[in-house]
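Since the structure comes first, as structure tokens, the remarks are kept for the end.
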Amino acid sequence: MSKVSPGPTPGFLVWRLANKWRVAVDRAMAPLGLTHAQYSVVASLYGMQSAGERPNQRQLADHTGLEALYISKLARALESAGLVERTRDPRDPRAIRLALTDQGQAVTRQAIAVVQELLEQLLEPLGGLDAPRTHAFTDALTTLLDAPLHPSVPNDESTQGTTP
């Protein structure tokens, strides 16, 4: 017999918070012509370029946690909008390097300011961006993100004959 949780599970709360954040960022980015996923790409590119990097699509995928195929699709859309430049890597013709255009940098600076405001609103109940509770929350999220997950697959040969 399983024990029923008296309240929402941590997984449910993480899912709800992720959705709340995605919806808020999507709405805030709409006037700039971006989606939350596109914001993740341009903001990451902005930070990487500021650090002197010009990542390829795979490196950006690894950085953002998005699939490389999805990064490729997003980068093409951002290129069409004039925000990102895609060029072949001279050392690896299969790889595509990404960089923000001047227009992309300007839009990204605006987007980062808007998302920073949202982040301050989100974290206000914890005492704000620099509060000890926020630092503990960030540490806990980092720990969870660093923990590998290996979901079992029903009817997988490796799980045959085992009891859940």
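Annotation: per residue accessible area for the chain equals 70 Å², rounded to a whole number [probe 1.4 Å, protein chains only]. Local charge for residue 95 was computed over the other residues whose Cβ lies under 10 Å away, with Lys and Arg +1 and Asp and Glu -1, and equals +3.
Charge tally around residue 54: other residues with Cβ under 14 Å, Lys/Arg +1 each, Asp/Glu -1 each, net +1. Let a ≥ b ≥ c be the square roots of the eigenvalues of the Cα gyration tensor of the stretch 1-77; is it rounded (a/c under 1.5), or, if not, prolate (a/b larger than b/c) or oblate? The shape class here is prolate. A straight chain from residue 17 to residue 94 at 0.36 nm per residue would run longer than the Cα-Cα distance by 24.0 nm.
Stretched out fully, how many nm does the piece from residue 146 to residue 80 gain, at 0.36 nm a residue minus the Cα gap?
20.3 nm
Could you pull out the GluC sites (Glu not before Pro) across the stretch 46-122 that fall in loop regions by DSSP (anything but H, G, I, E, B) with no more than 16 other Cβ atoms inside 10 Å?
On the way: sites: 53, 67, 79, 85, 117, 120; in loops: 53, 67.
Passing sites in the stretch 46-122 are 53, 67.
Heavy-atom surface analysis with a 1.4 Å probe gives the stretch 1-53 a carbon and sulfur content of 63 percent of its accessible area.
Apply the a/c threshold of 1.5 to the C-alpha gyration tensor of the chain and tell me whether it is rounded, prolate or oblate. If you can, show how the numbers build up before the last one.
Working: a/c = 2.31, a/b = 1.33, b/c = 1.73.
In terms of gyration-tensor shape, oblate.
Each label was represented as a point 7 Å from its Cα along the Cα-to-Cβ direction; for residue 51 and residue 67 these points are 2.6 nm apart.
Overall, the accessible surface of the stretch 55-160 at a probe of 1.4 angstrom is composed of carbon and sulfur to the extent of 54 percent. Available extension along the chain between residue 27 and residue 155 is 42.0 nm, counting 0.36 nm per residue and deducting the alpha carbon span.
Computed from point charges on the beta carbon alone (+1 for Lys and Arg, -1 for Asp and Glu), the dipole magnitude for the chain about its Cα centre is near 320 Debye.
Can you give the helix-only mean residue ellipticity at 222 nm for the chain, where every DSSP H stretch with n ≥ 4 adds -39500 (n - 2.57) and the sum goes over all residues, rounded to the nearest 500 deg cm²/dmol? Before the final figure, lay out the partial values.
Working: 6 runs with 93 residues, N = 164.
Counting only the DSSP helices, I get -18500 deg cm²/dmol.
With the cut-off at under 13 Å, measuring from each backbone N in the stretch 55-81 to a point 7 Å along the Cα-to-Cβ line of residue 138 picks out no residue.
The values are calculated or read from the model by the stated rules, or taken from the named source; none is laboratory data. On a predicted model such as this, the values are computed, not experimentally measured, just so you know. So basically every Cβ, Gly included, is an ideal-geometry build from the backbone, and we count neighbours across all protein chains shown. Quick note on the areas: whole protein, heavy atoms, side chains included, nothing else; ligands and nucleic acids left out. Shrake-Rupley method; radii C 1.70, N 1.55, O 1.52, S 1.80 Å.
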